[in-house]
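Comments concern the structure below.
The values are calculated or read from the model by the stated rules, or taken from the named source; none is laboratory data. These numbers come from a predicted model, not from an experiment. Virtual Cβ from ideal backbone geometry, glycine too; neighbours counted across all protein chains shown. These area figures cover heavy atoms from the full protein model, side chains too; ligands, DNA and RNA do not enter into them. Shrake-Rupley method; radii C 1.70, N 1.55, O 1.52, S 1.80 Å.
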Amino acid sequence: MTGVGIDAVEIRTGKLKLDLAETFADEMGDAPEKYTKGLGLYASSFPDTYEDIVTMGANAAHRLMERKGLDLDDIGRIDVATESAFDHSKPVSTYIGGCLESVFEGDLHHANKGERKFACVSGTQSVDDAYNWIKAGRNRGRAALVIATDTALYARDDPGEATQGAGAVAMLIDEDPDLVELSTDQGYGSADETDFLKPQQQFPSVDGKRSVKVYLARMREALIDYERVGGDIHPDDFRLGPFHTPFPGMVRKAAVLAYRHITRDTEIEDELATEIGRQPRPEGFEDDEAYMEALSEYTDALKETERYQSWYDRTIDPTLDISRHVGNWYTGSVHVARIAGIKALAEAGEDAVGDRLLVGSYGSGAQAEIHVETIKDGWREEIDALDIDEQLEARYDLSFDEYEDVHDAHNFDEESAVEELTVPESEFAFDGWGRMGERKYRYVE
Ligand code: HMG
């Protein structure tokens, strides 16, 4: 069998924008730099009142299918990854399938549909499921649609409020992919954690500071587990490192720890030794506390070296280009990071065919997954077809009062009479409630 991977991708952002530095910071009594420099975020995307996880996912999938010239018979599976679902039984993929059936000839009765849950990592898990389905030969020549879609809202005044976002990523998983081929090598770091959860509630309960530590710990485990199958990683092995990006500052913290790990016992550690010494080893210390302190000092020094900074600028920073302007999209976040990184290669005019990506996915609760992908021949055309820059540019810039109304409009426990702020055009839109409490949608020409 030929390789399997992501053949095509589309991103759909919520059509509203909250400017964090200009609009949010002042109302929160914060310096704008807390957002732009500390968290690394400039803006969040929000859904208008007629947008939700279904419309964003269906709009992304619709554009993808039209662009690739697909019809419904070409799709054998639709998996939606989300942590913003509004129904405990009927999966979001059935709603999205219904939307697609309303605009394409034929139907999706032959397609296996489902919904994946494990916080933000379920987008990658759905890609893995689709990969396995195709590799097992159960796809009967059809491709899988994986849609990661979320309205990542926090309760008002929760520290997480600054990291909100909303959007969807649709990915076509198929044989002989145009964009990236997935490898079989994977590593996991998974543990029962209580850092971010939504027990029968819309907005998460979050222990924010702890969630940062859990992210780093699970990601480290996944890296070590990956090395058991993929062998030791060297920084030069990978052109890009797209990571789950709840906010760019999180990836900044993870990247230096990853770099320290993958340069250990390499010529890079030797070369840096004259400048910052060698990495501390536990056997050189009397107790764990002294070792950890030395490790933290080494990491701070490493961060300042030119060698690290140029690796970070080349491998990590380009993957944050979109996240900075949209916030956390939960399940879609790592997939946005992949696209941002590859898009930067296209803009720099690089020939990226054969370049490898080290992809770090993460979900609270908690699980990290590390895997490798290789850029394929059709990558350039796929990336050039994206219209994400135009979408970001066209977003409606919310005032703070409007932001409060829109947050209420998407809060299941609030009544809000707020009107839509943008006009739906050539897209699926929420169209009210049905007799059994189901959500209804229509395609607006
Ligand atoms: P906070 O307490 O509001 O912010 O919450 P802070 O005071 O920690 O400041 C943030 C950063 O800005 C700090 O940088 C400050 O120093 C800096 P750091 O020290 O960490 O490097 N700062 C400034 N910098 C420059 N100039 C200034 C300035 N002021 C402050 N004037 C927190 C931060 C992340 C806790 C909060 O946003 C939160 O709770 N977020 C939600 C949870 C989250 O995103 N966790 C990330 C890991 S878990 C994850 O990724 C999973 C997730 O996506 C969910 C899922 O899987 O489903 C969330």
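The loop-placed GluC sites (Glu not before Pro) in segment 1-103, going by DSSP, include none that has at most 12 neighbouring Cβ atoms within 10 Å of its Cβ. Counted over the chain, the DSSP beta bridges are approximately 75% antiparallel. Summed over qualifying helices (DSSP H, 4 residues or more, each -39500 (n - 2.57)) and divided by its residue number, the chain shows a 222 nm mean residue ellipticity of -11500 deg cm²/dmol.
The overall shape of segment 314-379, judged from the alpha-carbon gyration tensor, is oblate: a/c is not under 1.5, and a/b is no greater than b/c. Loop-located trypsin sites (Lys or Arg not before Pro) in segment 194-289 (DSSP state not H, G, I, E or B) with no more than 16 neighbouring Cβ atoms inside 10 Å: Arg264, Arg278.
Computed from backbone phi with θ = phi - 60° and the Karplus coefficients 6.51, -1.76 and 1.60, the 3J(HN,Hα) list for segment 121-132 is 7, 5, x, 5, 4, 5, 4, 4, 4, 5, 4, 5 Hz; x is used for glycine and proline.
Expressed as a whole percent, the accessible surface of segment 92-183 that belongs to carbon and sulfur atoms is 40, based on a 1.4 Å probe.
Taking every protein chain into account, the accessible area of the chain amounts to 43 square angstrom per residue (probe 1.4 Å). Global dimensions of segment 315-445 from alpha-carbon coordinates: Rg and Dmax equal 19.0, 54 Å.
Each residue of segment 352-363 was assigned a 3J(HN,Hα) from its phi angle through the Karplus expression (A = 6.51, B = -1.76, C = 1.60, θ = phi - 60°), giving 9, 4, x, 5, 10, 10, 9, 9, x, 9, 8, x Hz with x at Gly and Pro.
So which trypsin sites (Lys or Arg not before Pro) in segment 293-390 are both in a DSSP loop and have at most 15 other Cβ atoms within 10 Å of their Cβ?
Values: sites: Lys303, Arg307, Arg314, Arg324, Arg338, Lys343, Arg356, Lys376, Arg380; in loops: Lys376.
In loop regions of segment 293-390 (DSSP not H, G, I, E or B), there are no sparsely surrounded trypsin sites (Lys or Arg not before Pro).
Each Cα pair under 8 Å and six or more residues apart adds its sequence gap; the mean of these over the residue count of the chain is a relative contact order of 25 percent.
For a straight C-alpha distance cut-off of 18 angstrom, the lysines reachable from Lys37 (same-chain residues fewer than eight places away being disregarded) are Lys209, Lys253, Lys303. Counting only residues at least eight positions apart within a chain, or on another chain, the lysines with an alpha carbon under 25 Å from that of Lys113 are Lys68, Lys90, Lys135, Lys198, Lys440.
Beta-bridge orientation, segment 1-155: approximately 25 percent antiparallel, per DSSP, counting only bridges with both partners inside. With the simple model of a label 7 Å out from the Cα in the direction of the Cβ, Asp397 to Val103 spans 2.9 nm. Surface composition of segment 297-445: carbon and sulfur atoms hold 41% of the protein heavy-atom accessible area at a 1.4 Å probe.
Here r is the Cβ-Cβ distance between Lys213 and Ser426 and R0 is 45 Å; the resulting FRET efficiency, rounded to 0.05, is 0.50. Along its three principal directions, the equivalent ellipsoid of the chain from the Cα gyration tensor extends over semi-axes of 35, 27, 19 Å, largest first. Taking only Cα atoms, what is the 0 to 90° angle, nearest 10, from helix 306-315's long axis to the longest principal axis of the chain? Taking the Cα atoms of the chain, the angle to 306-315 is about 20 degrees. Shape verdict for segment 1-53, please, from the Cα gyration tensor: rounded (a/c under 1.5), prolate (a/b greater than b/c) or oblate. Oblate shape, in that a/c is at least 1.5 and b/c is the bigger or equal ratio. Computed extension gain for Glu297 through Thr2, at 0.36 nm per residue and net of the alpha carbon distance, reaches 101.5 nm. In this calculation the C-beta distance from Ser183 to Glu350 is compared with R0 = 25 Å, giving a FRET efficiency of 0.75.
Summarising the amide proton neighbourhood of Leu41: residues at separation of 5 or more, or on other chains, whose placed amide H is nearer than 5 Å comprise Thr36. Once the chain from Glu267 to Lys198 is taken as fully extended at 0.36 nm per residue, the excess over their C-alpha distance is 20.3 nm.
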